[in-house]
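Worksheet: one structure, shown below.
The values are calculated or read from the model by the stated rules, or taken from the named source; none is laboratory data. Since the structure is predicted, the reported quantities are computational estimates derived from the model, not experimental observations. No Cβ is skipped: glycine too gets one built from the backbone with ideal geometry, and neighbour counts run over all protein chains shown. Note: areas computed on protein heavy atoms with side chains; ligands, DNA, RNA excluded. Shrake-Rupley method; radii C 1.70, N 1.55, O 1.52, S 1.80 Å.
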Amino acid sequence: MSDERLDKILAGSGRYTRSQARAAIQSGAVTVDGVPVRRPEVKVSRASRILAQGQVIEGEEHVYYMMNKPAGVLSSTEDGAWPAVTGLLPRHLQARGLFPAGRLDADVTGLLLLTDDGAFAHRVTAPRSEIKKVYELTADGPLTEADAAKLAAGVVLADGTAYRPAALTIDGEDPSRASVTVTEGRFHEVKNLIAACGRRVVTLRRVAMGELRLDESLAPGEIRALTEEEKNRCLM
Ligand code: URA
């Protein structure tokens, strides 16, 4: 691993802009292997233990965030009709070119992963990985155990689209509410599965990917960095 400027490593962690990184270093708040370094241009190894304001800076090559996606923004950038979710990111993360790992429709809310790591995004989203995605939904009427059995068997649409088996768990008190677990994450998958039961999805929220749950303390539109352990949990 080649050495890199300390301010660049700090900015690369996604926690600081380049100018914030310089200011933090010059104030003496950054240590490298226990020694305060006050010159932003000093080159250090990514393998060094870097602490900035008491927090470990991994010298990450990539960054990983979760967002509680609000309704009314698109997770992709391909449709000009809605603003893109990346527009909600702070400027230094927009500059890093973060993109969503797995799309959500404009009206769908909840857990959205954002990263600049293409290989990670591919692993999370590729149907072959069979990463579970859990959604909570309300439908326009009650769902039944027959619907759950239908989804468990694997729905085939009239146009021949075949979905993998999905698990539907209906709320005991309000059968128009349910959670659905899918392993593919195809375009409009949950809406199409519920439509195949003769119902329409009214609200849809993703609450988990792999073993990672949405942090319910995040307000709509808010983001936070994933810990290394959380990042790995997405892939389970
Ligand atoms: N299923 C849908 O129908 N829409 C989404 O955004 C995600 C899953």
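So if I check each of Leu226, Leu218, which one is hydrophobic (A, V, I, L, M, F, W, C), closer than 25 Å to Val73 by Cβ, out of contact with any His (no Cβ under 8 Å at 6 or more places or on another chain) and modelled with pLDDT under 95? Only one candidate qualifies: Leu226. Name the residues in the stretch 166-192 that are among the small types (Gly, Ala, Ser), more than 20 Å from the chain's Cα centre (by Cα) and surrounded by 12 or more Cβ atoms within 10 Å (Cβ to Cβ), would you? Selection gives Ala166, Ala167, Ser176, Ala178. When each of Arg233, Arg213, Arg186, Arg164 is tested for being in contact (Cβ under 8 Å) with a residue 12 or more places away in the chain and either over 24 Å from Phe99 (Cα atoms) or of a type in the set (Asp, Glu) (or both), the lone residue that passes is Arg164.
Taking the stretch 14-65 as the range and being closer than 24 Å to Ala119 by Cα and touching a Lys or Arg at 6+ places or on another chain (Cβ under 6 Å) as the test, the residues that pass are Gly59, Tyr64. Looking only at the stretch 146-165, which residues are farther than 15 Å from Ile194 by Cβ, acidic (Asp, Glu) and open to solvent by less than 60 Å² (accessible area, probe 1.4 Å)? Passing the criteria: none in range. Going by the conditions given, is Ala29 at pLDDT 85 or above, crowded, with 20+ Cβ neighbours inside 10 Å and among the small types (Gly, Ala, Ser)? Criteria not met by Ala29. For the stretch 206-236, what are the residues that are farther than 21 Å from Ala178 by Cα, β-branched (Val, Ile, Thr) and either not assigned by TED's automatic domain parsing to the domain that holds Thr115 or not in a loop (DSSP other than H, G, I, E, B) (or both)? Hit for the stretch 206-236 is Ile223, nothing else. Per the conditions (1) buried (at least 16 other Cβ atoms within 10 Å of the Cβ); (2) closer than 20 Å to Glu222 by Cα, the sole criterion not satisfied by Gly72 is (1). Can you tell me which residue in the stretch 185-205 is nearest to Arg128 (Cα to Cα), limited to those that are more than 10 Å from the ligand (Cβ to nearest atom) and of a type in the set (Val, Ile, Thr)? So, considering only residues that are more than 10 Å from the ligand (Cβ to nearest atom) and of a type in the set (Val, Ile, Thr), the one nearest to Arg128 (Cα to Cα) is Thr203. Does at least one position in the stretch 95-106 carry a residue that is open to solvent by 20 Å² or more (accessible area, probe 1.4 Å), under 23 Å from Ala21 (Cα atoms) and touching a Lys or Arg at 6+ places or on another chain (Cβ under 6 Å)? Scanning the stretch 95-106, I find no residue that is open to solvent by 20 Å² or more (accessible area, probe 1.4 Å), under 23 Å from Ala21 (Cα atoms) and touching a Lys or Arg at 6+ places or on another chain (Cβ under 6 Å), so the answer is no. Taking the condition touching a strand residue (DSSP E or B) at 6+ places or on another chain (Cβ under 8 Å), modelled with pLDDT of 95 or more, over 26 Å from Leu89 (Cβ atoms) and not in a strand (DSSP E or B), does Leu168 pass? No, not satisfied. Within the option set Ala84, Ala121, being outside the structural domain of Val202 (by TED's automatic domain parsing) and more than 17 Å from Gly185 (Cα to Cα) holds for one residue only, Ala84. Do the conditions hold for Ala84, that is, is it modelled with pLDDT of 80 or more and more than 21 Å from Gly12 (Cβ to Cβ)? Considered against the rule, which asks whether it is modelled with pLDDT of 80 or more and more than 21 Å from Gly12 (Cβ to Cβ), Ala84 comes out as yes.
When the stretch 202-226 is examined, which residues are found to be out of contact with any Leu (no Cβ under 8 Å at 6 or more places or on another chain) and open to solvent by 70 Å² or more (accessible area, probe 1.4 Å)?
Within the stretch 202-226, the first condition is being out of contact with any Leu (no Cβ under 8 Å at 6 or more places or on another chain), and the residues that meet it are 211, 215-220, 222, 225.
Passing the criteria: Glu211, Glu216, Ser217, Pro220, Glu222.
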